[in-house]
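In what follows, a single structure is set out as structure tokens and then discussed.
We did not get these values from a lab; they are worked out from the coordinates using the rules stated. All values reported here derive from a predicted model rather than from experimental measurement. Here Cβ is always computed from backbone atoms with ideal geometry, including for glycine, and neighbour counts include all displayed protein chains.
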Amino acid sequence: MKEMNEIVLPFPDDFHAHVRQDQAMIGYVQDLASQFGRALIMPNTVPPMVSAKQIAEYKQEILAAAKEVNPDFKPLMTFKLKSGITEAELLAMKAEGVVAGKYYPAGVTTNSEDGVSDFESVFPVIALMEKMGIVLCVHGEEPGVFCLDREAVFADKVEFLANKFPKLKIVFEHLSSAKAVALVKRLSSNVAATITVHHLLMSLDGVIGDALRPHHFCKPLPKRPEDLAALREAAFSGDPKFFLGTDSAPHSREKKETCCGAAGVYSAAVALPVLVREFLAAGAIEKLSDFVGGFGADFYGLPRPEKTIKLVREPWVVPQEIHGVVPLAASETLEWKLA
Ligand code: NCD
Ligand code: ZN
């Protein structure tokens, strides 16, 4: 068989990305916008994104930062779910380009101390979201439970929400367990899931198996080999319920290499070359287009990407550090490169 040296993909969408704030944001946005046409921007900033005015300003800052590398970049905005948000506020947010609200259980991840602590308290807002066609994105981990069981326990709440709000579109974010994969498959077509690049690469062994690798530490934790296998099967199978959300989450080297390190893997800059490698290795390269530039758009009711992006087989070494952050696959040689 002739070796493939070029791959053309739809200009991809990232349905889960963190770009932070202030000066640091510029580099993160540019890494993201040079690889993706659209990205769902997470609201766990400090302070969190909870109002139309803030979100409008944040969007303008992102657009300004992206302009140099991709003037067509489209940030898809989100707000952080909390109780008491009114219909008028949701309408105002929608008018500023908000497509989803993000449910963070209190304390489960970076900047989530102000997340939801009383499950039922957010039902009225979720009911409004259902009515208005705003997607609910869920960080599905139950606080306080043993770390490897948090997702499996919270999965019951996702199922409960899917039954209670049958017209609500729910995205179970950054899946990490076979149980959650099975649940998403079983629930209606209104429930889908994102899968990150790093959760397709490693089990918990990749974080603490041989050595402590702080740059692989993220929430939710990668889990058992069976969980990894279930995630890979879901991503490579071409099931429209599973699509890419990188959860690219930059933290400075200092914040990761310390006694109480921050959770998050910085993957935006390497996402596509790594995905090409993995889909090729799995014999599923023909499924990659939909995973990165099809199923997510369909689920969110957005047009599929019109532009394309080309990768060429041309080995390059991933930098040790990008904008002060150690990226996924740092110092590794990747065979595929964006043309
Ligand atoms: C994310 C971050 O750093 O903002 N961290 C992570 O480990 N994934 C938050 C999140 O998505 O959980
Ligand atoms: Zn995230």
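Given their separation in residues at 0.36 nm each and the Cα-Cα distance between them, Ala282 and Thr308 gain 7.1 nm when the chain is fully extended.
Taking each residue as 0.36 nm, the span from Val46 to Val69 lengthens on full extension beyond its C-alpha to C-alpha distance by 5.7 nm. Each Lys and Arg Cβ is given +1 and each Asp and Glu Cβ -1; about its Cα centre, the chain then shows a dipole of about 480 debye. Which log10 I(q)/I(0) values does the chain give at q = 0.07 Å⁻¹ under the Debye formula, counting every alpha carbon as one identical point scatterer? Normalising to I(0) and taking log10 leaves -0.25. For the stretch 5-18, backbone phi angles converted through the Karplus equation (6.51, -1.76, 1.60; θ = phi - 60°) give residue-by-residue couplings of 10, 9, 9, 10, 10, x, 4, x, 10, 10, 8, 5, 9, 10 Hz, Gly and Pro being listed as x. Most simply put, the chain has about 30% antiparallel DSSP beta bridges, counting only bridges with both residues inside it.
P(r) tail, the stretch 261-339: Cα-Cα pairs separated by more than 15 Å, 64% of all pairs.
Here is the list for the stretch 86-176: chymotrypsin sites (Phe, Trp or Tyr not before Pro) lying in DSSP coil, each with at most 11 other C-beta atoms within 10 angstrom of its C-beta, are Phe146. Taking label points 7 Å from Cα along the Cα-to-Cβ direction, Thr333 and Asp298 give a separation of 3.8 nm. Backbone amide hydrogens, once placed in the peptide plane, bring Lys219 within less than 5 Å of Gly264, excluding anything fewer than 5 places away on its chain.
The coefficient of translational diffusion for the stretch 144-300, derived via Stokes-Einstein from the alpha carbon Kirkwood radius under 4 °C and 1.567 mPa s, stands at 80 µm²/s. The slack in the chain from Gln23 to Ser83, taken as 0.36 nm per residue of separation less the alpha-carbon distance, amounts to 18.5 nm. The residue list Val274, Thr258, Ile62 was ranked by how far each Cα lies along the charge dipole of the chain toward its positive end, using unit charges on Cβ atoms, and Ile62 comes out on top. Shown for Val318, Val326: other C-beta atoms within 10 Å of each C-beta, ranked fewest to most, produce the order Val318, Val326.
Over the chain, dividing the summed -39,500 (n - 2.57) contributions of all DSSP H runs of at least 4 residues by the number of residues returns a 222 nm mean residue ellipticity of -9500 deg cm²/dmol. Summarising the amide proton neighbourhood of Glu314: residues at separation of 5 or more, or on other chains, whose placed amide H is nearer than 5 Å comprise Trp336, Lys337.
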